[in-house]
Amino acid sequence: MTIARILKTKGSDVVSVGPHDEVGTIARILSGHRIGAVLVLDGGTDVLGIVSERDIVRCIAAHGTAAVTLPAAQLMTRALHTVTPNTRISEALSLMTDRRVRHLPVIAEDGSLAGMISIGDLVKARIDEAVHEAEELRHYVETAG
């Protein structure tokens, strides 16, 4: 199974912020959408970085209460780990494990942003796949007799 299949179900909408949006605003967006990360876009579709809950926690630890007024550009992670729609789910899980990240932007072949996936999306897909395989095996056993 590939990332494209997850995006087909989940959709390709991505919650994003601008590089000048403040940490306090980003925290409200994360909370309001019940998500763990947002992409930082340049005002168009070019991805500049990602801000996660972890980034916010580190920022608060380093800057105290002043952190809420810092812009996304100051705390975002710029070195992004990405996948394509053709990436297999097992590969994406390995990448997340190896790089210790929970979100991956999905970049299409033409370089455009195709969506974003989370560790939760991947785990759900793997569970759905396992349930489907179990049902197929049960059906095979029941009808083979």
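What follows is calculated from the coordinates using simple rules that are stated; it is not laboratory data. Nothing here was measured: the structure is a model prediction, and the numbers come from that model. Glycine also receives a Cβ, built like all others from the backbone with ideal geometry; neighbour counts cover every protein chain displayed.
Neighbour counts of C-beta atoms inside 10 Å place H63, H139 in the sequence H139, H63, starting with the fewest. About its Cα centre, the chain has a charge dipole of approximately 420 debye under the convention of +1 per Lys or Arg Cβ and -1 per Asp or Glu Cβ, with nothing else charged. Spin-label model, H81 to R54: label points 7 Å out along the Cα-to-beta-carbon direction sit 0.8 nm apart. A helix-only calculation puts the chain at -15000 deg cm²/dmol for mean residue ellipticity at 222 nm, using -39500 (n - 2.57) for each DSSP H run of at least four residues, averaged over all residues. Using C-alpha pairs below 8 Å separated by at least 6 residues, the relative contact order for the range 1-121 is 29 percent. Summary of the geometry: the range 94-141 and the range 61-76, compared by the centres of their Cα atoms, lie 32 Å apart. Packing, as the average of other Cβ atoms within 10 Å across residues, places the peptides 128-137, 38-47 in the order 38-47, 128-137, highest first.
Listed values for the range 43-50 are Karplus-derived 3J(HN,Hα) couplings in whole Hz (6.51 cos²θ - 1.76 cosθ + 1.60, θ = phi - 60°), namely x, x, 10, 6, 7, 9, x, 9, and x replaces Gly and Pro.
Loop sites by DSSP among the trypsin sites (Lys or Arg not before Pro) of the chain, restricted to those with at most 11 other Cβ atoms within 10 angstrom, leave 101-145 as the longest stretch without any of them.
Ordered by the number of other Cβ atoms lying within 10 Å of each residue's own Cβ, fewest first, I89, I127 fall into the sequence I127, I89. Going from the fewest other Cβ atoms within 10 Å to the most, the residues D21, D110, D13 appear in the order D110, D13, D21. Once the Cα-Cα distance is subtracted from the 0.36 nm per residue extended length, the T143 to I119 segment shows a gain of 5.0 nm.
Overall shape of the chain was characterised from the C-alpha gyration tensor. The equivalent ellipsoid obtained from it has semi-axes of 35, 16, 12 Å, in decreasing order.
To the nearest 10 degrees, how steeply does helix 89-99 sit against the main Cα axis of the chain, on a 0 to 90 scale? So the inclination is approximately 40 degrees.
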